[in-house]
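Notes follow once the structure below has been shown.
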């Protein structure tokens, strides 16, 4: 997960048209671009449904971008959960005084 304010901003920008696409799907299908290939294949009313499904998919993707599940901005100044600068604990390599593998005979 990688949260940054630029991802949140881009997700918010994508969420607004997605919701509008869902809300005005009937108007878009009947006045702007009629999805006749969808209506011929799946029946009447499915053009509006296709617009709504597309809007729902775009809204879900925008929510994923907003909360950092999808990173679309390459912002290196904001550190995410996976890119934290905390030091890692390492086990030092201690020699065993050339006594073999350290297993008792």
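Taken together, the values in this text are just the output of simple stated rules run on the coordinates, not laboratory data. Everything numeric in this text was worked out from a predicted model, so none of it was measured. Every residue, glycine as well, gets a Cβ built from its backbone with ideal geometry; the counts of neighbours run over all protein chains shown.
Between residue 73 and residue 27, the simple label model (points 7 Å from Cα in the Cβ direction) yields a spacing of 3.0 nm. Shown for 36, 74: other C-beta atoms within 10 Å of each C-beta, ranked fewest to most, produce the order 74, 36. Taking other C-beta atoms within 10 angstrom as a stand-in for reagent exposure, 32, 38 fall in the order 32, 38, fewest first.
Report the paramagnetic label zone for residue 57: residues of region 10-24 whose backbone N is under 16 Å from a point 7 Å from Cα along the Cα-to-Cβ axis. Residues 18-19, 21-22 fall inside that zone.
The length gained on full extension between residue 20 and residue 5, counted as 0.36 nm times the residue separation minus their Cα-Cα distance, comes to 3.1 nm. Ordered by the count of other Cβ atoms within 10 Å of each Cβ, fewest first, 51, 24 give 24, 51.
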